[in-house]
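Report on the structure given below.
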Amino acid sequence: MQPAIDLNARRCDQYPVHALDPSVAGQLAEDLPREDFLRIIHTFHEDLLRLTGEIVAAVPRGDVVGFQRAAHSLAGAAAAVGAARLEAAARQGMAGAQPPSVALAGRIEAEAAAALAALAALST
């Protein structure tokens with residue numbers, strides 16, 4: 001099921017499994033001037049690329065500390081825009097004391113892509 005986006009109101013309707021929490025992301029889209037909202041999306045996109053890259057690179061090295069550090073930063077960025085599923089996946093990566101897993105890195109990448117797509121839809 002795809003997010004229900006009201007492009008005229010620039011907000012998203014809730015449904016059970018959504019990449020963004022409408023109470024956060026929708027509020028940002030509604031309250032901020034368009035240029036500020038677009039700047040937030042651009043910054044979030046840059047952060048996602050950098051941090052998911054660090055997470056993926058940490059897996060084959062078995063770099064638990066690097067994985068956790070990038071996951072911590074990603075969880076904070078995700079929380080700021082209401083990307084709750086991404087935040088939850090990143091927090092799971094923060095908690096692991098075992099070598100980072102390919103599966104979790106893939107989940108984080110997928111959630112990052114979904115959150116970015118949902119934010120981009122709000123900006124149109």
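For residue 105, the stated conditions hold: it is crowded, with 17+ Cβ neighbours inside 10 Å, among the aliphatic types (A, V, I, L, M) and within 20 Å of residue 19 (Cβ to Cβ).
Here are some residues: 116, 32, 48. Which one is aliphatic (A, V, I, L, M), at pLDDT 85 or above and surrounded by fewer than 17 Cβ atoms within 10 Å (Cβ to Cβ)?
Working: 116 fails: surrounded by fewer than 17 Cβ atoms within 10 Å (Cβ to Cβ); 48 fails: surrounded by fewer than 17 Cβ atoms within 10 Å (Cβ to Cβ).
None of the others qualify; the one that does is 32.
The values are calculated or read from the model by the stated rules, or taken from the named source; none is laboratory data. Note that this is a predicted model, so its numbers are computed, not measured. Cβ: placed from backbone, ideal geometry, glycine included. Neighbour counts: every protein chain shown.
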